[in-house]
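Structure first, then comments.
The values are calculated or read from the model by the stated rules, or taken from the named source; none is laboratory data. Please read these numbers as outputs of a predicted model, since none were measured by experiment. Methodologically, a virtual Cβ is constructed for each residue, glycine included, from the backbone with ideal geometry; neighbour enumeration extends over all protein chains shown. Calculation scope for accessible area: heavy atoms of the full protein, side chains included, ligands and nucleic acids excluded. Shrake-Rupley method; radii C 1.70, N 1.55, O 1.52, S 1.80 Å.
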Amino acid sequence: MAHVQAESRLKSSAEEKFQQKLREIIQGTSPIIGEYYFQSLVKQVSEALQFRYAMIGKIASAKHIQTVAFAIDGQIQKNVTYAVDGTPCENVIKGKLCLYPEGVQKRFPRDKDLARMNVEGYMGIPLMNPQSGKVVGLLAVLDDSPMLDLTSVHAILKIFGGRAEAEFDRLRNEQGLKQILNSIGEGVCGLDLEGNITFVNPAGAGMIGYGVEELIGRDVHVVQHHSKPDGSACPKEECQVCAALKDGKVHRGDRESFLRKDGTSFPVEYVSTPIFEEEGLQGAVITFKNIAERKEYEVKLLESEERLNGILNYSPTVIYLKDTEGRYMVINHQYEKLIDLTSDEVMGKTDLDFFPKDIAENFMANDRQVLKAGGPLEFEERAPHPDGYHTYISTKFPLRDSRGEIYGLFGISLDITQRKQTEKQLKISREQLLHAEKLSAIGKLSASIAHEFNNPIYGIRNVLEKIMEEVNLSGRQQSFVNLAIQECDRIKGLIMKMQDFNRPSSEQFELFDLHGAIDDMLRLMKQKFKEKGVQLEKKYASNLPRICGISDQVKQVILNLLKNAEDAISGPGGKVSVTTRVRSSWVEMEVEDNGAGISPENIDAIFEPFFTTKSAVKGTGLGLSVSYGIVKAHGGTIEVNSAEGKGARFLVTLPLRPNAA
């Protein structure tokens, strides 16, 4: 019985001793967190358990431990990094409890630190990451005497090892949060209930010209917000930045300014958010950013808008913007004049509200084409004016947002009514010029054919027919008379061709035989070629199709080229060749002579109006200029290749059909 009582007293004494050690460690570490917690823990463990050495380490690499707290005889030492290979710590970081009450040096002879510190006993437990389950460090005690009461020691290490694990996890989260705060460009600071700064990130401190440590504990209002943007004092009770500390609500704004350490200020956009815990409102977090660039951009944007409005409103063109439904969003002053309405009266309405139905539907159909095409298109449109309908050239293109989606249409319309009238007058003048040139050509040829006018020809033909009727002719004599009648008919045909050529152009495109047109003009030039002894060579394409054009205008070109070739030949041995070819959907006509040729200084000017090297009697300088205009109007080209003294070659290329150009 006495033996049992003795054991009970011994057990009770051990428990009391364990509880006392536990209370000492808890009392020494409970209010502390962070790095100081680890230092306090190893110090309290060393003193309470009466071990010479106590340490907490974290894994620095696969083979190294870095101490975060290390105590010898209750005194904190400088942290060190050491290799774990061949040490008892090597087994601990593998996730095992390592207990060596005595003789630890003999077990780990390669660990020189054990021998240097004369360590006899060792106990270490791994510290784990509660999320990943991986070992992140260790808690160990060492002594220069054999360890006793191992159960209590292990229990204490296990209890405070869990607390150390939680602190490691808290520090890791805190470090992650700190890294996030330090990496963002916006300012972030925390406030207590008095408005004092409890933390601030480098970006926030840098914005107001302070170091982070300079701001901790200081009143945020006094430091950076004691004045309004206009320079007047801002009482703390009116401070919107600190308002969350009073009413517990989120406050935000972009019309405040923060002060820098040097006394200057900058505009900010801020959000002040209250922080609540179980006990209630505990403080606030302020996020802020310098918006000086944005404010400057807004000023520039306003100036840009004013300039744009000036351009829009003083432009002589009609400018407008519509949404995808055809509703007006913007119009300029010129458009207001056109429809005799103000911009406010037009907004949100469509063309059907201002224009006759047929005009409005035409505008809207063109708009739909642009939106469907997704790119700029040009239209000729008509709009009513007090003096009648005006013609506009309208360029319209879709507007896209940042995602590339079409949200509207922009249009610019230029009044070309005057230009159209001018073009019409130019067309009339060109027709008159063409007619005058043809008359000039006829006039130059009239001297050589004056004796072949209709009346004499009819008289001669009538006489020949009477001879055939009333005179008994031999067969040979009849053939001669018939030949004379045929020549009369040929001359009559020439005169008819001249009359046709002398009529004004109809400007109507139609199919005609290019070879027939060339032959008609060659008949007109036959006498001239004969007088000069010019040899004519025709190289016609055998498969030349009919082409679409204005036949008498093309004949004008042919005649001008033939006349130029004839004029260029002044001596015997002259030769003119006319060649035709088919090239895909084009035909080529080439007129070549072996005359005087064109000098280099004149060749670039030969198609200019009124340019000529001939005398006033021979030419007006309009033939090639008119020919150039006719060919261009047909969608073709005219080129010249010549050298002085070596003749000239003119190449005319025309499309088989007008749309081939």
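Odds and ends about this structure:
- Whether the stretch 157-277 is rounded, prolate or oblate, judged on the alpha carbon gyration tensor where a/c under 1.5 counts as rounded: prolate
- Distance between the modelled labels on Asp254 and Val299, one decimal in nanometres: 1.6 nm (7 Å Cα→Cβ projection).
- FRET efficiency for the pair Asn543 and Ser479, taken as 1/(1 + (r/R0)^6) with r the Cβ-Cβ distance and R0 = 22 Å, rounds to 0.05.
- Database remark: amide H of His390 closer than 5 angstrom to the amide H of Ala383, His385 (H placed geometrically; neighbours at sequence offset of 5 or more, or on other chains; Pro and chain starts carry no H).
- Among the trypsin sites (Lys or Arg not before Pro) within the stretch 558-594, not one is in coil by DSSP while having at most 13 neighbouring Cβ atoms inside 10 Å.
- If R0 is 60 Å, the Cβ-Cβ spacing of Arg523 and Thr342 corresponds to a FRET efficiency of close to 0.30.
- Order of exposure, largest accessible area first, which applies to Lys646, Lys236 with probe 1.4 Å: Lys646, Lys236
- The candidate values are [x] 34; [y] 41; [z] 70; the one derived from this structure for percent of Cα pairs over 38 Å apart carries the label [z].
- Rolling a 1.4 Å probe across all protein chains gives Phe509 an accessible area of roughly 90 Å².
- Percent of C-alpha pairs per 5 Å bin, the stretch 124-170, short to long: 5, 21, 29, 20, 12, 8, 4, 1
- C-alpha long axis of helix 150-183 to longest principal axis of the chain, angle in °: 30
- In straight-distance terms, cross-link reach from Lys58 covers every one of the lysines whose alpha-carbon lies under 28 Å from its own, apart from those fewer than eight places away in the same chain; here that gives Lys21, Lys43, Lys78, Lys94, Lys96, Lys106, Lys112, Lys134, Lys158, Lys178.
- Estimated at 0.36 nm per residue, the fully extended path between Val222 and Glu325 surpasses their Cα-Cα distance by 31.5 nm.
- Within-9-Å neighbourhood charge of Asn196 [Cβ basis; K, R +1; D, E -1]: -2
- Extension gain for the segment Glu380 to Glu601, taken as residue separation times 0.36 nm less the Cα-Cα distance, is 75.3 nm to one decimal.
- Here the spin labels are modelled as points 7 Å beyond Cα on the Cα-Cβ line, and at Gln369 and Asp247 they lie 5.9 nm apart.
- Heavy-atom accessible surface of the chain: percent carbon and sulfur, 1.4 Å: 52
- FRET efficiency, Phe509 to Glu639 (Cβ-Cβ, R0 25 Å, nearest 0.05): 0.65
- The stretch 42-130, relative contact order in percent, only Cα pairs under 8 angstrom and at least six apart counted: 21
- Once the chain from Ser584 to Arg430 is taken as fully extended at 0.36 nm per residue, the excess over their C-alpha distance is 52.3 nm.
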